[in-house]
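Report on the following structure.
The values are calculated or read from the model by the stated rules, or taken from the named source; none is laboratory data. Fair warning: this is a prediction, and the values are worked out from it, not measured in the lab. All Cβ positions, even for glycine, are placed from backbone atoms using ideal geometry, and neighbour counts span all protein chains on display.
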Amino acid sequence: MSIDEQTVVSRVDRVSINELRIWVRAGWVRPAHGETGPLFDEIDIARIRLLSEMKEDMRLSNKALAVILPLLDRLHQTRRELRVLAEAFQEQPEDVRKMVTSCVYDKIGNPKDANADQQAPALPKVKSGDEV
């Protein structure tokens, strides 16, 4: 469902048309372009709410938001990539998973080495749709 600017402002507390337009010009929100102007979807609404909360509740300036938003976007992209990697890992035969797990522990250190009484944790199993 796509909604216009006026509907966005009525649905999201503490956001003005002017501020919304600033965020769109800055590229922080990327609505679709309709015949009558920008059209926002639910993901845009969630991002607008996040921006509003960071600006109002955390009292972050636009300069701070300009630094934080790309970092948040990169974090979310990394999480998506890790989820795909974990799913691909789980699809491999057990011997391949053990070999990869062993290689990982060789590179980062095996928690078993730090405390001989504790068993090393297995790499996590991730189901499709789970957050990493």
Quickly run through the range 4-23 and pick out the residues that are touching a helix residue (DSSP H, G or I) at 6+ places or on another chain (Cβ under 9 Å) and without any contact (Cβ under 8 Å) to a residue 40 or more places away in the chain.
-> 5, 6, 9, 11, 13, 15, 16, 17, 19, 20, 21, 23
Does residue 46 qualify as being among the aliphatic types (A, V, I, L, M) and over 16 Å from the mean Cα position of the chain (by Cα)?
-> no
Elements of type helices (runs of 4 or more DSSP H) contained in the range 27-117, each with 2 or more residues being surrounded by 13 or more Cβ atoms within 10 Å (Cβ to Cβ) and not assigned by TED's automatic domain parsing to the domain that holds residue 7 | 62-90, 94-108
For the range 4-13, name all the residues that are surrounded by 12 or more Cβ atoms within 10 Å (Cβ to Cβ) and either under 23 Å from the mean Cα position of the chain (by Cα) or aromatic (Phe, Trp, Tyr) (or both).
-> 8, 11, 12
Of the conditions (1) surrounded by 11 or more Cβ atoms within 10 Å (Cβ to Cβ); (2) assigned to a helix (DSSP H, G or I); (3) at pLDDT below 95, residue 123 fails just one. Which one is it?
-> (2)
